[in-house]
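Presented below is the structure to which this report refers.
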Amino acid sequence: MSLELNHIPVMSEEIDNILAPYKSGLYIDCTFGGGGVTRRILSKKNTKIISIDRDNFVDSFSKEISKEYNNRFEFIVDKFSNLQNILKERNLQKIPVAIIFDLGLSSFQIDDPERGFSYRQDGLLKMTMGKNNISAHDIVNKLDQKDLKNIFNLFGEDKDSALIAKLIIQKRQDKQISSTHELAEIILRAKRYKNNKYNKIDSCAKIFQSIIMIVNQELT
Ligand SMILES: C[S@@+](CC[C@H](N)C(=O)[O-])C[C@H]1O[C@@H](n2cnc3c(N)ncnc32)[C@H](O)[C@@H]1O
């Protein structure tokens with residue numbers, strides 16, 4: 001993975017609009033990612049930032065920023081659901097100017113086949129953002145048909161959820177489902193069987209999204 005340390009965050013303009021005019025003081029970036037938002041804030045005078053990400057792969061980005069802004073920047077690998085404890089431990093004397101959440105996956109996560117998030121590239125079924133107890137492999141290979149159907153239905157809103165769940169269970173009788181492409185092939189088989197007009201990208205994206213939400217406990 002190449003380190004695009006100066007990559008521009010997708011939301012940079014929105015961040016500027018929301019925070020303008022920038023006030024001096026402490027900011028919290030709850031979703032550090034490639035560090036684009038953090039850098040944007042640090043580029044303004046007299047700002048400090050505590051940045052959090054559950055993914056320890058992004059630690060390398062944080063090290064670069066540390067070199068430049070050592071005394072104004074702290075990086076913590078944790079989930080932002082632990083924010084209250086993180087702030088308590090630091091015994092802050094002032095209320096932060098802003099707490100920022102740029103939710104979702106970063107391109108660094110999606111584009112790396114070894115992370116197993118994407119149906120576009122073949123990789124082991126992982127989909128873990130960091131600090132996880134389970135992986136996509138567990139979901140796809142251990143849950144029963146009813147639970148799979150409910151996950152696809154509820155979080156993927158896919159009308160063929162029942163058939164996709166059924167085909168997964170059938171496949172598991174032969175062998176475990178190990179890769180993103182194996183899972184994508186099952187999803188598309190269900191779509192072809194139903195003879196529905198379907199969009200390959202949307203169909204896989206919805207089911208993958210539902211699994212990512214469970215693996216990473218995104219709602220909780
Ligand atoms: C869309 S990216 C953020 C991109 C970032 N703003 C930038 O400018 O590069 C979302 C990041 O949030 C992280 N993340 C998602 N859920 C999290 C959670 N519950 N706690 C901490 N980090 C989380 C992901 O690991 C990912 O790196």
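The values are calculated or read from the model by the stated rules, or taken from the named source; none is laboratory data. Note that the structure is a prediction, hence the values are computed from the model and not measured. In this analysis, Cβ positions are derived from the backbone assuming ideal geometry, glycine residues included, and neighbour counts consider all displayed protein chains.
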(message) Which numbered condition in (1) loosely packed, with under 14 Cβ neighbours inside 10 Å; (2) free of Cβ contacts under 8 Å to residues at least 12 places away in the same chain is the only one that T220 fails?
(response) (2)
(message) Kindly evaluate A184 against the criterion of being within 21 Å of E114 (Cβ to Cβ) and of a type in the set (G, A, S).
(response) yes
(request) Tell me which residues, restricted to the range 148-186, are assigned to a helix (DSSP H, G or I), in contact (Cβ under 8 Å) with a residue 24 or more places away in the chain and of a type in the set (V, I, T). (result) I151, I164, I168, I169, T180
(message) Among the listed residues N141, N85, N91, N70, identify the single one that is assigned by TED's automatic domain parsing to the domain that holds R39, farther than 23 Å from K44 by Cα and away from the ligand (no atom under 14 Å from the Cβ).
(response) N91
(message) I'd like the residue in the range 29-51 that is part of a strand (DSSP E or B) and surrounded by 24 or more Cβ atoms within 10 Å (Cβ to Cβ) and, out of all such residues, is farthest from the ligand (Cβ to nearest atom).
(response) I49
(request) List the number of the failed condition for R115; all other conditions in (1) within 16 Å of the ligand (Cβ to nearest atom); (2) of a type outside the set (A, V, I, L, M); (3) under 15 Å from I212 (Cβ atoms); (4) over 17 Å from the mean Cα position of the chain (by Cα) hold. (result) (4)
(request) May I ask you to list the residues in the range 1-17 that are under 27 Å from Q93 (Cα atoms) and either within 11 Å of the ligand (Cβ to nearest atom) or modelled with pLDDT under 90 (or both)? (result) I15
(request) Determine whether I76 is modelled with pLDDT of 95 or more, closer than 18 Å to E218 by Cα and surrounded by 12 or more Cβ atoms within 10 Å (Cβ to Cβ). (result) no
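So that you can scan it fast, the table gives a plain yes or no per residue for (1) at positive phi; (2) touching a Phe, Trp or Tyr at 6+ places or on another chain (Cβ under 7 Å); (3) loosely packed, with under 13 Cβ neighbours inside 10 Å; (4) not in a loop (DSSP other than H, G, I, E, B):
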| residue | (1), (2), (3), (4) |
| --- | --- |
| N91 | yes, no, yes, no |
| K94 | no, no, yes, no |
| I99 | no, no, no, yes |
| L103 | no, no, yes, no |
| S118 | no, no, no, no |
| D122 | no, no, no, no |
| T128 | no, no, no, no |
| N132 | no, no, no, no |
(request) Return the residue satisfying two criteria in turn: it lies in the range 94-112 and is over 14 Å from the mean Cα position of the chain (by Cα) and touching a residue at least 40 places away in the same chain (Cβ under 8 Å), and of such residues it is nearest to the ligand (Cβ to nearest atom). (result) I100
